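Any read-out appearing in this document is the output of simple, stated calculations on the displayed coordinates, not a laboratory observation. Because the structure is predicted, anything quoted here is derived from the model rather than measured. Here the Cβ is made from the backbone with ideal geometry for all residues, glycine too, and neighbour counts use every protein chain on show.
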Amino acid sequence: MIQADKLSRLYGEKYAVRDLSFHINHGEVMGLLGPNGAGKSTTMKMLTCFLPPSSGTATVDGIDVQQDLDVRRRVGYLPEHAPSYSDLSVQEHLLFMGRMYGVPEATLKDKIHEMAGACGLEGRLSQRIDELSKGYRQRVGLAASMLHNPDCLILDEPTTGLDPNQMVEIRQLIRRLGEKKTVLLSSHILSEVDAVCDRMMIIDSGELRGMGTRDELIALSSVGLVLDVCMRGDADAVVVQICRQYKGCEVDRLGLEEGVVKLAFRHSDMTIPLAEAVFAAVVAVGGVLLEMHAQETSLEDVFHRLTGSDA
Amino acid sequence: MSISRFQMISLCRKEWRVVMDTPLGYVMAIAFLSMCGFFFESNLFLLGQADMRAWFSILSLLLMFFIPAMAMRMLADEKRSGTFELLATMPITTMTIVLGKYLALCLQILALLVLTLLYPLTLSWLGNLDVGQVLASYLAAVLLASSYAAVCLYASAVTRYEVVAYVFGFIMLLLSFLFFKAMPTFSHAVQDWLVLLSPLSHYQSMLRGLIRLSDVMFFIAMNGLFLTLTWFELERRRWR
């Protein structure tokens, strides 16, 4: 389990991360989303003891990150761009990583083969890392981070540079790992976080903007119910009737072409039966309802609204 | 500050592996041994004596050029390629990283010095070599080289760029050499300080075949100082 309480990190006088509080349960995959410079990597660096927090606390399996060696043993970390020793072969790199994490020599080779299998590196073990594609280097980094069987995995953009097939494989792997471990992963790819993570948190300018499941985030940032209507007939009468029936309802006229009116009805309360009311109103004024659908809030919309930028 | 010996040796082995697997180590060894051989042979035929003092004097200059080249990638390359983040998040202390790198560098230099043992062996076969003096001189060379290694490891810790690390390390060693050479131009009071603080004056003193505790302690202190500075430089990211 990973827990952060008012975690902050200053660079000079500027906050890279400010008062960040969250917890990730065992057997849960948490996604960390945010625009560039939001503080994702700094947060991960504090949780992996690369940087100490300026204030606040963070614990990994109940151990404070200030007691860094005990925390580091429990964490598997894949830094951004998956750095590795390019002069070594994959096997040599993994042997080195295993030894540094104290994996017993007797089981190290078996462990390397197990991780190589899990990350699709069979047949690549004797190849030098500088001869590998970016996707395979990413896999090497992922295999190295899991070699010592850590309880927590912290993965900074784990699928960067992978082709779509590799992405699917790595996502499945992370999903499997997430059943038994605590996983925190950052990504710019919203669909990836959506597919892999149980919960996600969105940060911007170092501050938490939202946290929860996909549906909870959508509810948190939703502007309410939006209904797009395309009709022929007396649109003004329909608008008057709906606005009288539901106080606070806003209407945008999107256009008029050859007698067809496009309207967008907005209401903050998502529970009202707006579609039924619009249908009844159009029928009542003798109009023809050509099209009607409720706009769905996507994760991109949530990201955009919470951070004020695009992913 | 706990130091894990096993991890330190693993790091040292990895460095050794990198040197053995890349042309860098071989190029360095060939260049160093060629230069050593050239100066050994020149002195031998010029002087016509079974004596290595002149060669050991030149060796200090060669070390000044070669050790920055051997040390430049040690930490600068880790920082530039991002692997330092891997190292710094492993369950080891920063001092273990510093000592692992330093040990690897010292072993590489030692391997080169061991290969030069061919020269005293040749001389002892050709003439009457003062074995005691040569052994003391080799000890002096090892101590001087290890101190230079500590200086250059620090130079490699302050930058991400290997060339900058080389230039910075070389300039620090060059300054100590220039101060040593310019010693007679200074006042007596300054000369006393320079004799005390110049690695080359302690080295020259040992080349006479005399192993004084003060000389050995000087080199140990110099190693300690620069390894601590390297540790400080690597830890500095945490206090920014």
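Where the eigenvalues come from the Cα gyration tensor of the range A:1-86, what are the semi-axes √(5λ) of the equivalent ellipsoid, largest first, in whole Å? Walk me through the numbers on the way to the answer.
Details: eigenvalues 66, 59, 39 Å².
Largest first, the range A:1-86 gives 18, 17, 14 Å.
The length gained on full extension between A:Q172 and A:K109, counted as 0.36 nm times the residue separation minus their Cα-Cα distance, comes to 20.3 nm. Against chain A, whose longest principal axis is taken from its Cα atoms, helix A:235-245 shows a tilt of about 70°. For the range B:122-240, a crude dipole built from +1 on the beta carbon of Lys and Arg and -1 on the beta carbon of Asp and Glu, taken about the Cα centre, is about 380 debye to the nearest 20.
A Förster radius of 56 Å combined with the Cβ-Cβ distance from A:L220 to B:F6 puts the calculated FRET efficiency at roughly 0.70. Treating each Cα of the range B:1-68 as an identical point scatterer and summing with the Debye formula, the log10 of I(q)/I(0) at q = 0.28 Å⁻¹ comes to -1.14. Computed over the range B:150-240, the P(r) curve from all C-alpha pair distances, binned at 10 Å from the origin, holds 15, 37, 31, 14, 2 percent per bin. From the P(r) of the range A:198-311, could you give the percentage of C-alpha pairs in the tail past 21 Å? Across the range A:198-311, Cα pairs with separations above 21 Å total 45 percent. Globularity index of the range A:112-166 is 1.10 (Cα radius of gyration / 2.2 N^0.38 Å, N = number of residues). Suppose R0 equals 60 Å. What FRET efficiency, 1/(1 + (r/R0)^6) with r the Cβ-Cβ distance, do B:R236 and B:L118 give to the nearest 0.05? Calculated value: 0.90.
Would you mind giving the three semi-axes, in whole Å and largest first, of the ellipsoid equivalent to chain A according to its Cα gyration tensor?
Values: eigenvalues 492, 100, 46 Å².
Semi-axes, largest first: 50, 22, 15 Å.
Computed over the Cα atoms of the range A:237-298, pair by distinct pair, the Kirkwood hydrodynamic radius stands at 12.4 angstrom.
Computed extension gain for B:Y161 through B:V195, at 0.36 nm per residue and net of the alpha carbon distance, reaches 8.9 nm.
Taking the number of other C-beta atoms within 10 Å as the exposure measure, put B:F39, B:F32 in order starting with the fewest. Don't jump to the answer; show the numbers that get you there.
Details: B:F39 18, B:F32 23.
Ordered from fewest to most neighbouring Cβ atoms within 10 Å, B:F39, B:F32 come out as B:F39, B:F32.
Rounded to two decimals, what is the ratio between the C-alpha radius of gyration of the range A:59-99 and 2.2 N^0.38 Å? Write out the running numbers ahead of the final one.
On the way: Rg = 13.2 Å, N = 41, 2.2 N^0.38 = 9.0 Å.
Here the Cα radius of gyration is 1.46 times the empirical estimate.
Taking N as the residue count of the range A:11-151, its C-alpha radius of gyration divided by 2.2 N^0.38 Å amounts to 1.15.
Going by neighbour counts of Cβ atoms within 10 Å, the residues A:V17, B:V164 line up, fewest first, as B:V164, A:V17.
Over the Cα atoms of the range A:268-311, Rg to Rh with Kirkwood Rh, two decimal places?
On the way: Rg = 15.6 Å, Rh = 13.0 Å.
Reported Rg/Rh, Kirkwood definition of Rh: 1.20.
For chain B, the membrane-span-like helix rule (DSSP H, alpha carbon extent of at least 30 Å along the helix axis, mean Kyte-Doolittle at least -1.0) picks out B:23-47, B:94-115, B:131-157, B:213-235; this says nothing about an actual membrane.
What average number of partner chain Cβ atoms lie no more than 10 Å from the Cβ of the residues making up B:91-97?
On the way: counts 13, 5, 2, 0, 0, 1, 1.
Shielding by partners across B:91-97 averages 3.
Projected label points at B:F45 and B:I220, each 7 Å from Cα along the beta carbon direction, are separated by 4.4 nanometres.
Largest GNM mean-square fluctuation among A:E258, A:E250, A:E207, using chain A with Cα springs under 10 Å: A:E258.
Once you have the Kirkwood Rh of the range B:103-160 from its Cα pairs, apply Stokes-Einstein at 37 °C and 0.692 mPa s and quote D in µm²/s. Spell out each step's value before the answer.
Working: Rh = 12.9 Å.
Once the numbers are plugged in, D ends up at 254 µm²/s.
The residue list A:F50, A:L20, A:Y85 was ranked by how far each Cα lies along the charge dipole of the range A:1-88 toward its positive end, using unit charges on Cβ atoms, and A:L20 comes out on top. Take B:187-194, A:271-278 and order them by the average number of nearby Cβ atoms within 10 Å per residue, most first; the result is A:271-278, B:187-194. Placing +1 on each Lys and Arg Cβ and -1 on each Asp and Glu Cβ, with no other charges, gives the range A:1-94 a dipole about its Cα centre of roughly 240 debye. For the range A:137-225, what log10 I(q)/I(0) values come out of the Debye formula at q = 0.12, 0.19 1/Å, with one point per alpha carbon and no solvent? Scattering profile of the range A:137-225, log10 relative to I(0): -0.41, -0.93. Highest mobility in the GNM of chain A, judged by mean-square fluctuation with C-alpha springs under 10 Å and restricted to A:Y85, A:Y136, A:Y101, is found for A:Y85. For the residues of B:76-86, the average number of beta carbons from a partner chain within 10 Å of their own beta carbon is 5.
In terms of surrounding Cβ atoms within a 10 Å radius of their Cβ, B:F232, B:F218 rank from fewest to most as B:F232, B:F218. With the largest listed first and rounded to whole Å, the semi-axes of the equivalent ellipsoid of the protein assembly as shown from the Cα gyration tensor are 68, 23, 20. Normalised by residue count, the range B:114-202 yields a Cα convex hull volume of 136 Å³ per residue. Assuming R0 = 35 Å, what is the FRET efficiency of B:F65 and A:D64, from their Cβ-Cβ distance, to the nearest 0.05? With R0 = 35 Å, the Cβ-Cβ based efficiency is 0.15. All C-alpha pair distances within chain B, sorted into 10 Å bins from zero, spread as 7, 30, 33, 21, 7, 1, 0 percent across the bins.
The share of Cα pairs per 5 Å bin across the range B:194-240, counted from zero up to the longest distance, runs 5, 20, 23, 16, 10, 9, 8, 5, 3, 1 percent.
Want the number for A:T213 to A:V283: 0.36 nm per residue separation, take away the alpha-carbon distance, what's left? Each step should come with its number before you reach the end.
Values: separation 70, 0.36 × 70 = 25.20 nm, distance 3.93 nm.
Gain on extension, A:T213 to A:V283, equals 21.3 nm.
The mean sequence separation of alpha-carbon pairs under 8 Å and at least six residues apart, normalised by the residue count of chain B, gives a relative contact order of 27 percent.
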